[in-house]
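The next block holds one structure in the form of structure tokens; read it before the comments.
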Amino acid sequence: GLPADAVEHGDFTTAGGAAACRRLLDAHPDLDAVFVASDPMALAALNELASRGRRVPDDVAVFGFDDLGLAESATPPLSTVVNPVEEMARTAGQMLVDVLEGQEVSDAGLVLPAELVLRRST
């Protein structure tokens, strides 16, 4: 029952995150949660929400993505999703070595588990 149009696109910068959040709030002033594709854009969303008098997490929950160091020091500390970047790099590197050595590498998709880091923005 949620609106399918409650999506805005940003460019993974704080300016892009702020602009996307403004558009989203203009179109959906009653929203109560946002999931943002990067922590820098999520920090901009926190600022934009505060500028409109919206309290996080009381009025709006905010999730970021990446778990960059700035997420923990945000006000409030940002809940976020983190991919296992080291494992992704190690796996991709091993696959490349295998290909270069002439070994057969599966073309099946590989999904590595992401981790939810809960802080005070949710």
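The values are calculated or read from the model by the stated rules, or taken from the named source; none is laboratory data. Predicted model, so just to flag it, every value in this text is computed and none were measured. Every residue, glycine as well, gets a Cβ built from its backbone with ideal geometry; the counts of neighbours run over all protein chains shown. In case anyone asks, the SASA skips ligands and DNA or RNA and just uses the protein heavy atoms, side chains included. Shrake-Rupley method; radii C 1.70, N 1.55, O 1.52, S 1.80 Å.
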Rounded FRET efficiency, nearest 0.05, which uses the C-beta distance separating A27 from E86 and R0 of 35 Å
0.35
Using the Cα atoms of segment 1-47 to build a convex hull, what is its mean projected area in square nanometres?
3.1 nm²
So if I take the centroid of the Cα atoms in segment 14-41 and the same for segment 42-94, what is the distance between those two points in Å?
12 Å
Counting just the Cα atoms, what span does segment 14-83 cover along each of its three principal axes? Round to the nearest Å and put the largest first.
30, 23, 17
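Report, in debye and to the nearest 20, how large the dipole of segment 14-83 comes out about its Cα centre when Lys and Arg carry +1 and Asp and Glu carry -1 on their Cβ.
240 debye
Taking all protein chains as present, what is the carbon and sulfur share of the accessible area of the chain, in % to the nearest whole number, probe 1.4 Å? Please report the intermediate quantities before stating the final value.
Values: 4320 of 7690 Å².
Summing carbon and sulfur atoms, their accessible area is 56 percent of the total for the chain.
How much length is gained on full extension from F35 to S51, taking 0.36 nm per residue of separation minus their Cα-Cα distance? Could you put the intermediate results ahead of the total?
On the way: separation 16, 0.36 × 16 = 5.76 nm, distance 1.85 nm.
Between F35 and S51, full extension yields an extra 3.9 nm.
Might you report the magnitude of the Cβ-based charge dipole of the chain about its Cα centre, with Lys and Arg at +1 and Asp and Glu at -1, to the nearest 20 debye?
On the way: 8 positive and 20 negative charges, 131 e Å.
Dipole size: approximately 640 debye.
For the chain, what value does the Rg/Rh ratio take when both radii are computed over Cα atoms and Rh is the Kirkwood radius, given to two decimals?
Values: Rg = 17.8 Å, Rh = 15.9 Å.
Using Cα coordinates only, the ratio equals 1.12.
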